[in-house]
Amino acid sequence: MINYLKSESYRLLRKKGPHLTSIICFALIAAAAAVLYFSGQADPNFRYATSKFFYSNAIGAGIMIIIVGLVYNSFLTGKDLTLMKQSISFGISRNTIFWSKLILTLSYFLLICVVGIILMAALGENLFAGDNQAIRNFLLACVNMAPLVLSGFFLTHTLKMLRVGDVYIIIVLFFIFVLSGNMLRVFQPISGLNELYKYAPNTLLNDNLMGFLDDTVRFDYKYWCVGIVISVISLLIGAKKFANKNID
């Protein structure tokens, strides 16, 4: 597995896509900060030039961060999947391929997320009016959001390895992380579904954002329970199905 990891890592780092995507992500963060900052400088009554509003853009963009995770996951699970038949013929197990691609793309994605958080914190604390509570709440909201974003990444990896099309993956992600809570809300009067609604991923993401905006955000185990359940189910089913999947 170590040799395969080294080989895949070498190919990943030589690709232009991951580096270009990272630059675009960081540039968008900087551009958002610049727009808010210069808008505040041009108009003293512009009320959105605050660190709290700047951070809220990230806390409210859970689905977009998951889509970015889809892009990073694709760098080793897109056209590269055509090379799997050759890898398997050389004696590399399917489990090694499944988990190695996950480890590498996840590591790169996590690195970009951490750097992005640091960049946002640096810009927010140096360019905008704010207080220590804003950065504290931002980091706490990120901790709550992390398991849900990672569960989206793991689900994406499973679907990509099973060669599900990107359009269908995006539909699944939107259903789970954008629409699930809204659909369960319709059935809230039904006994038991009211509690299930509270644990829907998009309900949790919305609650996290509202808590941040209201300065009431706190660490909540529900985010981690839901994220871990989705992650474990996705990876176990994905690894089992991939082990038995025909490679054309």
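The values are calculated or read from the model by the stated rules, or taken from the named source; none is laboratory data. Everything quoted here is computed from the prediction, not taken from an experiment. Backbone-built Cβ (ideal geometry, glycine too); neighbour counts: all protein chains shown. When the accessible area is computed, the model is the full protein with side chains, heavy atoms only, and any ligands, DNA or RNA have been set aside. Shrake-Rupley method; radii C 1.70, N 1.55, O 1.52, S 1.80 Å.
Just to be sure I understand, how many residues within segment 129-172 are among the small types (Gly, Ala, Ser), open to solvent by 20 Å² or more (accessible area, probe 1.4 Å) and in a helix (DSSP H, G or I)?
Counting residues in segment 129-172 that are among the small types (Gly, Ala, Ser), open to solvent by 20 Å² or more (accessible area, probe 1.4 Å) and in a helix (DSSP H, G or I) gives 1.
Would you point out which residue out of Ile24, Ile65 is touching a Cys at 6+ places or on another chain (Cβ under 9 Å) and closer than 26 Å to Tyr168 by Cβ?
Selected residue: Ile65, the only one of Ile24, Ile65 that is touching a Cys at 6+ places or on another chain (Cβ under 9 Å) and closer than 26 Å to Tyr168 by Cβ.
Would you mention how many residues in segment 200-248 are among the hydrophobic types (A, V, I, L, M, F, W, C), over 29 Å from Phe54 (Cα atoms) and open to solvent by less than 50 Å² (accessible area, probe 1.4 Å)?
The qualifying residues number 6.
Quick check on my filter: what residues within segment 26-58 are open to solvent by less than 80 Å² (accessible area, probe 1.4 Å) and of a type in the set (Lys, Arg)?
Lys52
In this structure, does Pro189 turn out to be at pLDDT below 95, farther than 30 Å from Gln133 by Cβ and either under 18 Å from the mean Cα position of the chain (by Cα) or open to solvent by 70 Å² or more (accessible area, probe 1.4 Å) (or both)?
Yes, satisfied.
Evaluate segment 62-83: report whether one residue or more is at pLDDT below 90 and over 26 Å from the mean Cα position of the chain (by Cα).
Yes, because at least one residue in segment 62-83 is at pLDDT below 90 and over 26 Å from the mean Cα position of the chain (by Cα).
Kindly provide the set of residues from segment 119-164 that are under 29 Å from Asn73 (Cα atoms) and among the charged types (D, E, K, R), ordered by number.
Lys160, Arg163
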